[in-house]
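The values are calculated or read from the model by the stated rules, or taken from the named source; none is laboratory data. Fair warning: this is a prediction, and the values are worked out from it, not measured in the lab. Cβ atoms come from the backbone with ideal geometry, glycine included; neighbour counts cover every protein chain shown.
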Amino acid sequence: MTNYHTHTLFCDGRCQMRDHIRFAISRGFTSLGFSSHAPLPFPTAWTMEWDRMNDYLSEFHRMRRLYGRRIELYIGLEIDYLDEGHHPALSCFANLPLDYRIGSVHLLRNPAGQIVDADLSADKFRQMVDKHFEGDVCEAVRQYYARSMAMLHYGGFDIVGHADKVHYNASYVRPGIMDEPWYDTLVRTYFEDIARRGLQMEINTKAYEDLGVFYPDVRYFSFLHDLGIRVQVNTDAHYPDRIDSGREAALYALRRAGYRHVMEMHGGEWIEVVCQSDS
């Protein structure tokens, strides 16, 4: 078992690196990667600040010295696309000694140009759409995908983080939106661009236990397979006991969609590993 999307107290996680590592070892994990939310140009409650970066890297290497014989440990960042001035390809991120980088979109801009957090619970997402987009969830979704496509254009990362994460909240605000042709076209166009660029995509299982959904939605797993997109299963764990949350269900769904291999990092390299589940 593996997980490469893991958060600790260096950002919005709820535990130390050591807690995740000990729990992963107890569950039989073979490798584990940390991916703190990278600094943004302004302070937030959920991202790491630049003045903690050296501490983040130092603590990781201390953990690797302590536990490296029991589990493979890797260090990364989850880096937000904000605009042409802040994205994963910036030299400040590219020059860091990381094993991998996850590119994600959490933030939008309202018509007034204000930055808006879109990574919210369903109720708060509805309130955000009402307040900042005059109730037009379609406009919020279109911007989410425009920003996601721009992130692909700039590059600078290895793994696409929680693609189509907007689908659950958008469906809450506008039931049936995923079945509307324009929405489906946006999603498929995005995935086709990911395939053309040869990027890996994570199947993010963070919400599976609570909401029964994956990011991206399971309806697209067969399409991802047909495009030849390499996938890995990540739990986006903020708590140690969520380190393998939804993983088995995701592997089972991937096998049903035609996947026979998932990507894992071993010996410092991404390799294909047989996609196995107990289901």
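Numbers below:
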item	result
Flag if I71 is of a type in the set (V, I, T), closer than 30 Å to I25 by Cα and buried (at least 17 other Cβ atoms within 10 Å of the Cβ)	yes
Residue that is surrounded by the most Cβ atoms within 10 Å (Cβ to Cβ), among those in the range 132-161 that are of a type in the set (A, V, I, L, M) and outside any helix (DSSP H, G or I)	V160
Yes/no for R70 being in contact with a helix residue (DSSP H, G or I) (Cβ under 9 Å, 6 or more places away or on another chain), part of a loop (DSSP other than H, G, I, E, B), modelled with pLDDT of 95 or more and of a type in the set (K, R)	yes
Of all residues making up the range 21-42, the number that are more than 17 Å from the chain's Cα centre (by Cα), of a type outside the set (S, T, Y) and over 16 Å from V233 (Cβ atoms)	6
Check on G13, more than 28 Å from D164 (Cβ to Cβ) and assigned to a loop (DSSP other than H, G, I, E, B)	no
The range 145-159, residues that are in contact (Cβ under 8 Å) with a residue 12 or more places away in the chain and under 11 Å from Y81 (Cβ atoms)	R147, S148, M149, A150, M151, L152, Y154, G155, G156, F157
Test: residue in the range 74-89 that is over 20 Å from the mean Cα position of the chain (by Cα) and of a type outside the set (S, T, N, Q)	yes
Helices (runs of 4 or more DSSP H) fully within the range 162-279 counting 3 or more residues that are of a type in the set (A, V, I, L, M, F, W, C) and crowded, with 16+ Cβ neighbours inside 10 Å	166-173, 181-197, 221-227, 247-256
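Yes/no per residue for (1) among the polar types (S, T, N, Q); (2) modelled with pLDDT under 95; (3) over 26 Å from V262 (Cβ atoms):
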residue: F10; (1), (2), (3): no, no, yes
residue: H20; (1), (2), (3): no, no, no
residue: F60; (1), (2), (3): no, no, no
residue: E84; (1), (2), (3): no, yes, yes
residue: A94; (1), (2), (3): no, no, yes
